[in-house]
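The values are calculated or read from the model by the stated rules, or taken from the named source; none is laboratory data. The shown structure was predicted, so the numbers you read here are calculated from the model rather than taken from an experiment. As a convention, Cβ positions derive from the backbone with ideal geometry for all residues, glycine included, and neighbour counts pool all protein chains shown. Calculation scope for accessible area: heavy atoms of the full protein, side chains included, ligands and nucleic acids excluded. Shrake-Rupley method; radii C 1.70, N 1.55, O 1.52, S 1.80 Å.
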Amino acid sequence: MQGTVSKGTACRSLTGTAKSTQEENPMTDQASYTLKVDGMSCKHCEAAVTEAAQSVAGVTAVNVDLEAGSVTVQGGEPEAVIQAITEAGYTASMA
């Protein structure tokens with residue numbers, strides 16, 4: 001399932017661990033990276049993680065795959081995205 005941005009209440013009782021793989025996107029100068037976030041189980045979690053990532057300066061695209069438990073982000077600083085996800089009530093870190 002691919003995520004879209006929508007306002008909603010996050011399921012703050014769920015936490016996840018983020019793993020990241022960073023690679024250059026050949027179409028832009030911006031790096032894209034995938035964070036593995038365990039514990040996303042519903043559309044509210046998906047929306048909360050999407051909104052948190054998009055709130056970071058420089059982020060130009062966010063794609064949440066709820067079934068895979070992954071978030072692919074283009075642009076922005078990975079540490080800032082991890083902090084934003086953490087502030088949204090999830091546990092995230094670089095692998």
Sorted by accessible surface (1.4 Å probe, heavy atoms of the protein chains only), largest first, Ser32, Ser41 come out as Ser41, Ser32
The answer for the net charge of residues other than Val62 whose Cβ lies under 13 angstrom from its Cβ, with Lys and Arg +1 and Asp and Glu -1, is -3
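At a 1.4 Å probe radius, which order do Glu87, Glu46 fall into by accessible area, largest first?
On the way: Glu87 130, Glu46 5 Å².
Heavy-atom accessible area, descending, gives Glu87, Glu46.
Write down the accessible area per residue of region 31-81 in Å², having rolled a 1.4 Å probe over the full set of protein chains.
Details: 1970 Å² over 51 residues.
Value for region 31-81: 39 Å² per residue.
Please give the FRET efficiency for His44 paired with Glu77, using the beta carbon to beta carbon distance and R0 = 22 Å, rounded to the nearest 0.05.
Details: r = 26 Å, r/R0 = 1.17.
Taking R0 as 22 Å, the efficiency between His44 and Glu77 is 0.30.
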